[in-house]
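A.B. asks: My structure is below; once you've seen it, I'll send some questions.
The values are calculated or read from the model by the stated rules, or taken from the named source; none is laboratory data. Keep in mind it's a predicted model, so treat the numbers as computed, not measured. Cβ coordinates were reconstructed from backbone atoms using ideal geometry, including for glycine residues, and neighbour counts include every protein chain displayed.
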Amino acid sequence: MALADFLRQLDELSRTATVTFAAVQDEASWEAARVEFAGAKQGRLKALQKLLGQVDPAERPAAGKRFNEVKAELDGAMAAAQARLQAPAGGRRAAPRPEFDPTLPGRRMRLGRLHPITQSIEELKEIMGRLGFSVADGPEIEDEWHNFEALNIPLEHPARDPLDNFYLSAAGASHGPLLLRSQTSTVQIRVMEQTAPPVRIISLGRVYRPDTADATHYPMFHQMEGLLVDQQVTMADLKSVLRLFATSYLGSDVHIRFRPSFFPFTEPSVEADFNWNDQWIEFGGAGMVDPHVLRAVGYDPEVVTGFAFGLGVERLCMRRHNITDIRDLYRNDVRFLHLF
Ligand code: FA5
């Protein structure tokens, strides 16, 4: 191969390499140019190196000298382009951003909380546990026997009016139509049916009534039922337990009062109120278990007596936390729920 020919090809490579590396804008185009010009196998410089062997031996030293110069120029163009790409921010290209910046403040974790009613239920169980009451449970879908009949509420009683209850269309297996229980007193019956006296239980859960919602009523709410049956249980025991309970949960400065009332399953019966913002608010019903009820579950009213109570959990929780509208408890506004 003639020397002139070889030198022309070297000059051409030098020129195009300089232009190409001057134009690269990113790592990818730099690498593509490197492979094209300086690639170890297929690169254009490598191809010329192979041609060098075909130059006349007499002219080869001159050819080799120019080859080395072009190789140095190529190395220089590559290095300059690389330095330009790695220039710090403020130069033509910003340095790559770190994926993780340990100097940034951390993200706050949002902690969940128990609903105030759930918190109240746990606390009521704890207080009543200290007074010796264990926890019993019963179904929310009930039959008429447990919700009414066994509680001395006969068929013609207005409390059984379909307009005052959530009856379900499916019939119960043996005890008539089913309904969403309207009171936790159902659990009194279920426990006494299965347990011989003495009995000392509470039961906490949801009850359902088609009441119009207002500041103190909701169609679904919670009750805490209490039942104590033993020998020589009196009304004085009932009043003592309710007073102890109220001062434990609401504070020693709470005033409670008992008003004579009527429930078909207790005799005598009372309603219990607490004072709140210069008003008396009813928080539960109570009384001595009616002998009819004791007899219906197979107890002997000549041997045992008992008291029972059913308290509204929402109203207790409201006074405890100064919540003036029961509906706030069920709006599911996390800003409100986070206060407890
Ligand atoms: C009863 O439900 C009786 N079972 C209580 C009882 C048990 C009496 C054992 C004797 C022996 P009453 O319907 O009054 O009683 O309801 C009891 C309490 O539930 C009320 O004092 C009130 O605190 C609460 N309550 C009643 N209706 C609602 C409602 N719609 N929303 C919120 N709380 C209610």
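A.B. asks: For the structure I just gave you, tell me whether Ser185 is under 19 Å from Arg295 (Cα atoms), of a type outside the set (Asp, Glu), surrounded by 14 or more Cβ atoms within 10 Å (Cβ to Cβ) and out of contact with any Lys or Arg (no Cβ under 7 Å at 6 or more places or on another chain).
C.D. replies: Working: under 19 Å from Arg295 (Cα atoms): yes; of a type outside the set (Asp, Glu): yes; surrounded by 14 or more Cβ atoms within 10 Å (Cβ to Cβ): yes; out of contact with any Lys or Arg (no Cβ under 7 Å at 6 or more places or on another chain): yes.
Criteria met by Ser185.
A.B. asks: Could we say that Phe283 is without any contact (Cβ under 8 Å) to a residue 40 or more places away in the chain, loosely packed, with under 14 Cβ neighbours inside 10 Å, assigned to a strand (DSSP E or B) and within 13 Å of the ligand (Cβ to nearest atom) here?
C.D. replies: Details: without any contact (Cβ under 8 Å) to a residue 40 or more places away in the chain: yes; loosely packed, with under 14 Cβ neighbours inside 10 Å: no; assigned to a strand (DSSP E or B): yes; within 13 Å of the ligand (Cβ to nearest atom): yes.
Answer is no for this residue.
Yes/no matrix, rows are residues, columns are (1) in the same structural domain as Ser203 (by TED's automatic domain parsing); (2) on the phi < 0 side of the Ramachandran plot; (3) of a type outside the set (Gly, Ala, Ser):
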site	(1), (2), (3)
Arg259	yes, yes, yes
Phe263	yes, yes, yes
Ala272	yes, yes, no
Asp278	yes, no, yes
Pro291	yes, yes, yes
Val303	yes, yes, yes
Gly306	yes, yes, no
Phe309	yes, yes, yes
Gly312	yes, yes, no
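A.B. asks: From the list Glu156, Glu225, Glu144, Glu193, exactly one residue is touching a residue at least 40 places away in the same chain (Cβ under 8 Å) and away from the ligand (no atom under 12 Å from the Cβ). Which is it?
C.D. replies: Details: Glu156 fails: touching a residue at least 40 places away in the same chain (Cβ under 8 Å); Glu225 fails: away from the ligand (no atom under 12 Å from the Cβ); Glu144 fails: touching a residue at least 40 places away in the same chain (Cβ under 8 Å).
After ruling out the rest, the residue left standing is Glu193.
A.B. asks: Let me ask you something else. Among the residues that make up segment 304-312, is at least one of them away from the ligand (no atom under 11 Å from the Cβ), farther than 18 Å from Leu204 by Cα, touching a Pro at 6+ places or on another chain (Cβ under 6 Å) and in contact (Cβ under 8 Å) with a residue 60 or more places away in the chain? Write out each step before concluding.
C.D. replies: Taking segment 304-312 and keeping what is away from the ligand (no atom under 11 Å from the Cβ), we get 304-305.
Now restrict to residues that are farther than 18 Å from Leu204 by Cα: 304-305.
Narrowing further to those that are touching a Pro at 6+ places or on another chain (Cβ under 6 Å): 304.
Next cut, in contact (Cβ under 8 Å) with a residue 60 or more places away in the chain only: 304.
Looking for residues that are away from the ligand (no atom under 11 Å from the Cβ), farther than 18 Å from Leu204 by Cα, touching a Pro at 6+ places or on another chain (Cβ under 6 Å) and in contact (Cβ under 8 Å) with a residue 60 or more places away in the chain, one finds at least one in segment 304-312, hence yes.
A.B. asks: Follow-up. For Val254, state whether it is part of a loop (DSSP other than H, G, I, E, B), more than 11 Å from the ligand (Cβ to nearest atom) and surrounded by 18 or more Cβ atoms within 10 Å (Cβ to Cβ). Don't jump to the end; show me each part of the working.
C.D. replies: Numbers: part of a loop (DSSP other than H, G, I, E, B): yes; more than 11 Å from the ligand (Cβ to nearest atom): yes; surrounded by 18 or more Cβ atoms within 10 Å (Cβ to Cβ): no.
No; evaluated as a whole, the condition is false for this residue.
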